[in-house]
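See structure below.
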Amino acid sequence: MKGLNKLRNIFNKGILSIYLIQLIFILTIYIILFFFPPEVTKISSKELIKYIDWFSIFINNISTAFTIIFIGILTFGFFSTITYLFGLYMLILAIYTAFQNSGSLLYSFSVIMVHGILELIGIALAYYISTISFRVLINKIYKKQIFHVEGFNKMVQLFLAMIVIFFISSLLESHMTPNILKIIVRSL
């Protein structure tokens, strides 16, 4: 039971509010893409499956997360928010492009979401960590606790959880996603 309470403290209301903002942003992008669809160049079905080694994917995800954390702490979360929203926009655009190329909703969902759900959680954790300077600043300005600010140990736990999530995600993306896509492309 104590472990469950620790888990609840890690994923507190702040992270849930980030997910709500994410959902609203994603729905907004879908509506924009519906009314103003971008021009997509079709590719052959042989190019729909890409094999990339897990370490390259892991390094890319970790470097993106470190960038979000670093610029977020330096700019009180401003540039990390812009980076985060741009990343969400690119995710929606990638799903849309996958659908335009394959014509399959199953393919477009599978190419991104098999591993992407975990990547979204990892990036959300990076974004949450990056806003610590903003939360501390607001609490100091108002001289009361408006935002919850984790201690050093909690931040380390969040950081390690983010790294583990990116590791698992990179393994899924390099091994599981191409095999699932191969099955789906054969059925197209």
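The values are calculated or read from the model by the stated rules, or taken from the named source; none is laboratory data. All figures in this text were calculated on a predicted structure; none of them were measured in a lab. Every residue, glycine among them, receives a Cβ derived from its backbone with ideal geometry; neighbour counts consider all protein chains shown.
When you scan the range 141-149, do you find a residue that is surrounded by fewer than 14 Cβ atoms within 10 Å (Cβ to Cβ) and in contact (Cβ under 8 Å) with a residue 60 or more places away in the chain, even just one? Yes.
With respect to GLY122, determine if the residue is out of contact with any strand residue (DSSP E or B) (no Cβ under 8 Å at 6 or more places or on another chain), closer than 18 Å to ILE21 by Cα and of a type in the set (Gly, Ala, Ser).
Working: out of contact with any strand residue (DSSP E or B) (no Cβ under 8 Å at 6 or more places or on another chain): yes; closer than 18 Å to ILE21 by Cα: yes; of a type in the set (Gly, Ala, Ser): yes.
In short, yes.
SER174: touching an Asp or Glu at 6+ places or on another chain (Cβ under 9 Å) and either among the hydroxyl-bearing types (Ser, Thr, Tyr) or free of Cβ contacts under 8 Å to residues at least 12 places away in the same chain (or both), yes or no? Considered against the rule, which asks whether it is touching an Asp or Glu at 6+ places or on another chain (Cβ under 9 Å) and either among the hydroxyl-bearing types (Ser, Thr, Tyr) or free of Cβ contacts under 8 Å to residues at least 12 places away in the same chain (or both), SER174 comes out as yes.
So, of the residues in the range 69-87 that are of a type in the set (Gly, Ala, Ser) and crowded, with 19+ Cβ neighbours inside 10 Å, which turns out to be modelled with the highest pLDDT?
Step one: of the range 69-87, the residues of a type in the set (Gly, Ala, Ser) are 72, 77, 80, 87.
Those still in the list that are crowded, with 19+ Cβ neighbours inside 10 Å too: 72, 77, 80.
Details: GLY72: 91, GLY77: 85, SER80: 87.
Among them, the one singled out is GLY72.
Output yes when any residue across the range 26-35 is among the aromatic types (Phe, Trp, Tyr), under 13 Å from the mean Cα position of the chain (by Cα) and modelled with pLDDT under 80, and no when none is.
Of the range 26-35, the ones among the aromatic types (Phe, Trp, Tyr) are 30, 34-35.
Then keep just the ones that are under 13 Å from the mean Cα position of the chain (by Cα); that gives none.
Looking through the range 26-35, none of the residues is among the aromatic types (Phe, Trp, Tyr), under 13 Å from the mean Cα position of the chain (by Cα) and modelled with pLDDT under 80.
Cβ-Cβ distances below 8 Å connect no pair with a first residue in the range 48-62 that is over 25 Å from VAL185 (Cβ atoms), a second residue that is basic (Lys, Arg) and part of a helix (DSSP H, G or I), and a separation of six or more residues or different chains. Restricting attention to the range 172-184 and to residues that are surrounded by 16 or more Cβ atoms within 10 Å (Cβ to Cβ) and among the aliphatic types (A, V, I, L, M), the residue that is farthest from the chain's Cα centre (by Cα) turns out to be ILE184.
Counting only residues that are more than 30 Å from TYR107 (Cα to Cα) and hydrophobic (A, V, I, L, M, F, W, C), which one in the range 150-171 is surrounded by the most Cβ atoms within 10 Å (Cβ to Cβ)? If you could, list the steps in order and put the result at the bottom.
Pass one, the range 150-171, residues more than 30 Å from TYR107 (Cα to Cα): 150-160.
With hydrophobic (A, V, I, L, M, F, W, C) added as a condition, the list becomes 152, 155-156, 158-160.
Details: PHE152: 7, MET155: 14, VAL156: 11, LEU158: 19, PHE159: 15, LEU160: 10.
Filtering first and then ranking leaves LEU158.
If the condition is being crowded, with 19+ Cβ neighbours inside 10 Å and in contact (Cβ under 8 Å) with a residue 24 or more places away in the chain, then the range 108-120 contributes SER110, VAL111, HIS115, GLY116, LEU118, GLU119, LEU120. Given the criteria modelled with pLDDT under 75 and surrounded by 16 or more Cβ atoms within 10 Å (Cβ to Cβ), does LEU7 qualify? Judged against the criteria, LEU7 is not a match.
Within the range 88-107, if we keep just the residues that are crowded, with 17+ Cβ neighbours inside 10 Å and within 13 Å of the chain's Cα centre (by Cα), the residue that is farthest from VAL149 (Cα to Cα) turns out to be ILE92.
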